[in-house]
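Peer 1: Below is a structure I'd like to ask you about.
Read the figures in this text as sums done on the coordinates, not as results from a lab. None of the values given here were measured: they were computed from a predicted structure. Don't worry about glycine lacking a Cβ; one is built from the backbone with ideal geometry, like all the others, and counts go over all protein chains shown.
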């Protein structure tokens with residue numbers, strides 16, 4: 001909730017099969033734009049999601065700990081390697097977390113805003 005994520009979560013199957021006929025979405029891009037997240041997604045689809053979002057004019061951030069996600073992490077506008085991430089993920093990331101949990105990101109954003117307000 002603190003990250004502002006909603007409840008439109010989709011399984012990875014929709015990325016392979018696309019939206020079903022007669023459903024709310026007619027294109028995969030519409031579904032990606034509606035999504036708050038995807039579950040069980042393979043690395044190649046993560047890359048495609050990031051690429052499609054950027055192609056639609058959105059800024060994109062993602063976090064991971066795995067080497068197989070390095071291409072998507074590098075492609076994203078902001079790539080975040082979580083604590084304990086592989087060397088490949090850390091190398092591809094813009095930000096490397098040194099403590100467990102995503103609350104570190106919230107804290108870092110708050111601290112950076114304080115710094116910028118003082119400038």
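Peer 1: Calculate how steeply helix 103-118 sits against the longest principal axis of the alpha-carbon atoms of the chain, using the helix alpha-carbon long axis, and give the answer as 0 to 90 degrees to the nearest 10.
Peer 2: 60
Peer 1: At a 10 Å Cβ-Cβ cut-off, how would you order 62, 9, 119, fewest neighbours first?
Peer 2: Final ranking by Cβ density, sparse to dense: 119, 9, 62.
Peer 1: Return the inverse of the average 1/r over all pairs of distinct C-alpha atoms in region 63-119, which is the Kirkwood hydrodynamic radius, in Å to one decimal.
Peer 2: For region 63-119, inverting the mean 1/r across all distinct Cα pairs yields 11.7 Å.
Peer 1: Here's something else I'd like to know. By count of other Cβ within 10 Å, fewest leading, how are 64, 86 ordered?
Peer 2: Ordered from fewest to most neighbouring Cβ atoms within 10 Å, 64, 86 come out as 86, 64.
Peer 1: Report the percentage of all Cα-Cα pairs in the chain whose separation exceeds 25 Å, rounded to a whole percent.
Peer 2: So the portion of pairs separated by more than 25 Å is 29 percent.
Peer 1: Sorting 96, 14 on the 10 Å Cβ count, fewest up front, what's the list?
Peer 2: Fewest to most other Cβ atoms nearby, the residues stand as 96, 14.
Peer 1: Same structure, new question: May I ask you to compute the full-extension gain from residue 74 to residue 95, defined as 0.36 nm times their residue separation minus their alpha-carbon distance, rounded to one decimal in nm?
Peer 2: 6.5 nm
Peer 1: Here's another thing I want to ask about it. Report the residues of region 63-85 in range of a label on residue 8: point 7 Å along Cα→C-beta, backbone N strictly under 15 Å from it.
Peer 2: Flagged as within label range: none.
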